[in-house]
Every structure is written in C-alpha cells, then in structure tokens.
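Please read the structure below before turning to the comments.
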Amino acid sequence: MYLIHSPADRTPSEREQDTESWQAMVDEYPTPDNPVDNWFENVASSWQAMTELYHEGKIKALGVSNFYPAHFERVFKNVSVQPMVNQIRLNPSQVLPETVKYDDAHQIITEAYSPFGQGRSFKVPLYQELAAKYHKTVSQILLRWSLDHQYLPLPKAGHEAHMRENLNVFDFDLTPEDISRLDSLNTKK
Ligand SMILES: NC(=O)c1ccc[n+]([C@@H]2O[C@H](COP(=O)([O-])OP(=O)(O)OC[C@H]3O[C@@H](n4cnc5c(N)ncnc54)[C@H](OP(=O)(O)O)[C@@H]3O)[C@@H](O)[C@H]2O)c1
C-alpha cells in the first residue's frame, strides 16, 4: 500500500517539550482556511500520480495518514480512486470521533497506529484491571478493543515475544460494558 503521510509535525525537540503535541499537531494542520504552502494542491497532484500507478496495476492500495474530514472534502471530491485506508493515532484515550465517522461513511479503513500510546499505555490502571480480568495482557486488551471497533491496529514491537503476544488476540471478546469503559477514557469527544 502507498499512502500520503501527514503534511505537518513538530521537530523532535519541540515535541519533547510539548506534552500536548498530539493535540497541537491536529490544531496546526493545514485546513481549507489555513492551506499551508499549497498543501492541498501538492496532495492533489501526488494523488493523481499515485492513481495512475494504481490503474497500471503497480500499486495495490492507496491510502492517507492523519487526514481529517476537511482534508478529504477538499482533496478527494472529484478523484477516480478514493483513499482505501486512513492511518491515524488511535487508542482508547486518543480517538478522533469525527474522522472515524467520516472514514466509516466513506468505506475507508481506519488504521489505528500507536495502539499502545507509544508504550505509555502499559501503566494505565483500567487497562491493567481488564488484563487481569480477562487473563490477558494490556497489549492484548488494547488490540482487542481496536478490533472490536473494526479498526485495523498497527502496533510496533521490536521483541519477538511482544509480536507473538500481539498476535494472540483472537480467542476472547471484551464485554460491551468493558468496551464502554474503555471508550469513556477518550477525553476528546
Ligand atoms: N502515520 C503516522 O503518522 C505514524 C505515527 C507514529 C507511528 N506510526 C506507526 O505506528 C506503528 C506503531 O508504533 P508506535 O511506536 O507509535 O506505538 P505503539 O505500537 O503504541 O507502541 C510501541 C511500544 O510498545 C511496545 N510493545 C509492543 N508490544 C508490546 C507487548 N506485547 N508488551 C509490552 N510492550 C509492547 C514496544 O516495545 P518493543 O519494541 O520493545 O517490543 C514499543 O515500545 C509503527 O509502525 C509506526 O511506524 C505511524
């Protein structure tokens, strides 16, 4: 799959100093009212080139990352191939409900990157409580939550034991009540 990545981010040092970097990144994004550096035109021409390769059979799937409804509305109104995947940061405490809703309404797979909050999730008490309840690990609870929402989780694991653990999530289900408890962690509704 080829995807167009987000256009803007902070430098590593700026991000380190800013605990709200995720929200700041969202706020600083190009929007139709703030079209940073011809971003929309550049994305449209890149998408056109990718579309040609797709029609030639050289790319199997096209996607985007960190796109929000305003970006889709502006860039993909009159294109022959719509994005098939939108890769966004997504775990129980970091959800972009409007973007997920938009993806769903347009048959775009929401790919959930950083499902473990880049490793910060392992100490969250509710995750630990549910891991004990289901005799699973925190990573498995989080991946199950993602799958139960029909997201496509994209975890990163460098250790083989972690990779194996992360694959072992298809033998249990979370109850609707526990899914709701996890959903209630999202403060950005
Ligand atoms: N499109 C974008 O803008 C964007 C932005 C950020 C990340 N991503 C992608 O998203 C993917 C996710 O990466 P991420 O680093 O952001 O976050 P993540 O998957 O939420 O967290 C990765 C951390 O979790 C640890 N971990 C994984 N499985 C574990 C397990 N079973 N038990 C304990 N610890 C475990 C990893 O340790 P070990 O490595 O030691 O196993 C690593 O420290 C990557 O492929 C990345 O490229 C995309």
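The values are calculated or read from the model by the stated rules, or taken from the named source; none is laboratory data. Model, not experiment: these values are computed from the prediction. Here the Cβ is made from the backbone with ideal geometry for all residues, glycine too, and neighbour counts use every protein chain on show.
Side notes on the structure shown:
- The requirement of being over 27 Å from Met84 (Cβ atoms) and small (Gly, Ala, Ser) is fulfilled somewhere in segment 177-185, by at least one residue.
- Taking the numbered list (1) closer than 30 Å to Gln48 by Cβ; (2) free of Cβ contacts under 8 Å to residues at least 60 places away in the same chain; (3) not polar (S, T, N, Q) in turn, Tyr151 passes all entries but (2).
- Matching residues, segment 131-162, being of a type in the set (A, V, I, L, M), within 11 Å of the ligand (Cβ to nearest atom) and under 21 Å from Thr110 (Cα atoms): Ile141, Leu142, Leu143, Leu154, Ala157
- You will find that of Ile141, Ile108, Ile88, the residue that is touching a Leu at 6+ places or on another chain (Cβ under 7 Å), surrounded by 18 or more Cβ atoms within 10 Å (Cβ to Cβ), at pLDDT 95 or above and β-branched (Val, Ile, Thr) is Ile141 and no other.
- Taking segment 105-120 as the range and being over 13 Å from the mean Cα position of the chain (by Cα) and more than 7 Å from the ligand (Cβ to nearest atom) as the test, the residues that pass are Ala105, His106, Gln107, Arg120.
- Every residue from segment 149-187 that is touching a Leu at 6+ places or on another chain (Cβ under 8 Å) and closer than 12 Å to Asn91 by Cα: Tyr151, Pro153, Pro155, Leu182, Leu185
- Condition broken by Asn168, with the remaining ones in (1) loosely packed, with under 13 Cβ neighbours inside 10 Å; (2) touching a residue at least 24 places away in the same chain (Cβ under 8 Å) satisfied: (1)
- Residue in segment 28-40 that is at pLDDT below 65, surrounded by fewer than 17 Cβ atoms within 10 Å (Cβ to Cβ) and either within 16 Å of the ligand (Cβ to nearest atom) or hydroxyl-bearing (Ser, Thr, Tyr) (or both) present: yes
Rundown of residues vs (1) within 16 Å of the ligand (Cβ to nearest atom); (2) in contact (Cβ under 8 Å) with a residue 60 or more places away in the chain; (3) assigned to a loop (DSSP other than H, G, I, E, B), yes/no style:
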residue: Thr51; (1), (2), (3): no, no, no
residue: Lys60; (1), (2), (3): no, no, yes
residue: Gly63; (1), (2), (3): yes, yes, no
residue: Ala70; (1), (2), (3): no, no, no
residue: Arg74; (1), (2), (3): no, no, no
residue: Asp103; (1), (2), (3): yes, no, no
residue: Leu126; (1), (2), (3): no, no, no
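- So Leu62, is it of a type in the set (A, V, I, L, M, F, W, C) and at pLDDT 95 or above: yes
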